[in-house]
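So the structure is just underneath, and the comments pick up after that.
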Amino acid sequence: MPEPLLHSAGPRGLYVRTFGCQMNEYDSLRVQRLLANLGYVPVNDIGQADVIFLNTCSVRGKAEQKVHSFLGSLRRLKVTKPHLKIIAGGCVAQQLGEKLLDRFDHLDMVIGTRAVNSVGQMLQRVQESGGRLACVPDEESDGTEIDGRKIPPQAGVTALVTIMQGCNNFCSYCIVPYVRGPERSRRADEILEEIRRLDESGVREVLLLGQNVNSYGRGLGENITFADLLRRIGAETSIARIRFTTSHPKDLSDELMRCFAEVDSLCKHLHLPVQAGSDRVLARMNRGCTVAGYMEKIRRLRQICPEIALTSDVIVGFPGETEEDFKKTMQLLDEVRFDNLFSFRYSDRPNTMAATFADKVDPEAAARRLLELQSYQADITLGKNLAEVGSTRLVLVEGPSRASNGQMTGRTTQNRVVNFQVPLSSIGRIVGVKIAFAYSHSLKGDIIPT
Ligand code: SF4
């Protein structure tokens, strides 16, 4: 018997849970917008949901385990609420497809990363047929799958804007090219239009997203580079701040580095994943760059923009990593002195080249190396934060701080979190803050009266 589309009068609740990266957050916003056309309104309480959309991440083994455990936990809810529809999207959905339906018999729908635009039609088909459905296209997309006009207005001071999807790099440990497909850039005019609309709705800062934004424009047929796009956003919109992530060192051009000095609204922060400090490991990771090449780019960046803050990613315990290789990574940390670092223990990802490497590192050794590296970096980060004490920084007021009662929070152009006392009416303003205290993950200061 087909189910009626509406099980009850009035709006239906959509509960969205997003795992993983900011690109997934952006896709979740797309799903919200598309399902709003069918009368679904977002709810924060999962008990109020008529549809649950789970946007999954499989970039690391631990993230994927969390997805499986959350999906498992929904079984009881489905028993008590049979009309509830549960949808899995994102990378795990793309990777497992129908196997995910086999594994979780309370799951109604699986939608791949390149089928997000069809979520509404698919949900209707599932509701009308009472069946279950998987849609996981593996064909290369034409790059038009993100329609800026269908992105919901993002409430708040900062907003996400996906400028490209997919990746062509095939780093040997990474699942992204398999689940997100090849690189596809969005048209520059469409991105600019989206940013202008965000600006008009009160957004002050945009975070441009892509797996490798540095190669933006390749294959687009518009003769535009990422540096050109940044210049156009700076010149043709009045958005106060631009950030972007993520960058690949091999594609970081001199032209792009110069944008940090030339585009006023571009924040002085670059996240540049290095992954390892040993050329032998970098070659096995298929990173396409060497330690010397990376260090030269860091030197050049600091020459062009001395105040730039640098953050990075490191994987420890990559197959075949020796104590000597690990020491080289520690040495790189010592030389660069990143402002912050995201570090992870290697885990095998399905279909990747590295998963086939036989010389896996002993898990205990990998865990010990990770601890050592994180503790070393924590000292560097704290030292960098302490050096901020006494300085005055321009901070974009984002909203009430979660950590400090009655305080507001914002970030400096270098992406440091600052907490301070300021009226609620200041949200969205850029204010001067004199830094008084430094902690491991944030700063605290006093507003400079204007
Ligand atoms: S550049 Fe490498 S690590 Fe980054 S998404 Fe592409 S394949 Fe993965």
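The values are calculated or read from the model by the stated rules, or taken from the named source; none is laboratory data. Quantities reported herein were computed from a predicted structural model and do not represent experimental measurements. Neighbour counts are summed over all protein chains in view; Cβ atoms, including those assigned to glycine, are modelled from backbone coordinates with ideal geometry.
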- Quickly run through the stretch 77-96 and pick out the residues that are surrounded by fewer than 18 Cβ atoms within 10 Å (Cβ to Cβ), not charged (D, E, K, R) and not in a helix (DSSP H, G or I). PRO82, HIS83
- Query: For the subset of the stretch 253-266 comprising residues that are of a type in the set (A, V, I, L, M) and crowded, with 18+ Cβ neighbours inside 10 Å, which member is farthest from the ligand (Cβ to nearest atom)?
  - Reply: LEU266
- Query: If you take the residues in the stretch 424-449 that are out of contact with any Leu (no Cβ under 7 Å at 6 or more places or on another chain) and small (Gly, Ala, Ser), which one is modelled with the lowest pLDDT?
  - Reply: SER425
- Query: Given the structure, is ARG204 over 29 Å from VAL59 (Cβ atoms), more than 16 Å from the ligand (Cβ to nearest atom), crowded, with 21+ Cβ neighbours inside 10 Å and of a type outside the set (A, V, I, L, M, F, W, C)?
  - Reply: yes
- Item | Those residues of the stretch 280-298 which are within 27 Å of VAL361 (Cβ to Cβ), away from the ligand (no atom under 12 Å from the Cβ) and without any contact (Cβ under 8 Å) to a residue 24 or more places away in the chain, in sequence order | ALA283, THR290, ALA292
- Task: Would you tally the residues in the stretch 97-108 being surrounded by fewer than 21 Cβ atoms within 10 Å (Cβ to Cβ) and either among the charged types (D, E, K, R) or at pLDDT 90 or above (or both)?
- Result: 8
- Item | Criterion violated by GLY399 - all others in (1) surrounded by 14 or more Cβ atoms within 10 Å (Cβ to Cβ); (2) at positive phi; (3) without any contact (Cβ under 8 Å) to a residue 24 or more places away in the chain; (4) not acidic (Asp, Glu) satisfied | (3)
- Item | Top-ranked residue of the stretch 173-201 - restricted to ones that are surrounded by 18 or more Cβ atoms within 10 Å (Cβ to Cβ) and among the small types (Gly, Ala, Ser), ranked as nearest to PRO137 (Cα to Cα) | GLY181
- Considering only the stretch 350-450, give the strands (runs of 3 or more DSSP E) lying wholly within it that have at least 1 residues that are among the basic types (Lys, Arg). 392-400, 408-412, 430-438, 443-447
- Could you tell me whether PHE19 is surrounded by fewer than 18 Cβ atoms within 10 Å (Cβ to Cβ), closer than 23 Å to VAL176 by Cβ and not charged (D, E, K, R)? no
- Name every residue in the stretch 44-55 that is touching a helix residue (DSSP H, G or I) at 6+ places or on another chain (Cβ under 8 Å) and either farther than 22 Å from GLN127 by Cα or hydrophobic (A, V, I, L, M, F, W, C) (or both), in order of residue number. ILE46, VAL51, ILE52, PHE53, LEU54
- Which of the residues spanning the stretch 208-252 are surrounded by fewer than 16 Cβ atoms within 10 Å (Cβ to Cβ) and within 16 Å of the ligand (Cβ to nearest atom)? GLY219
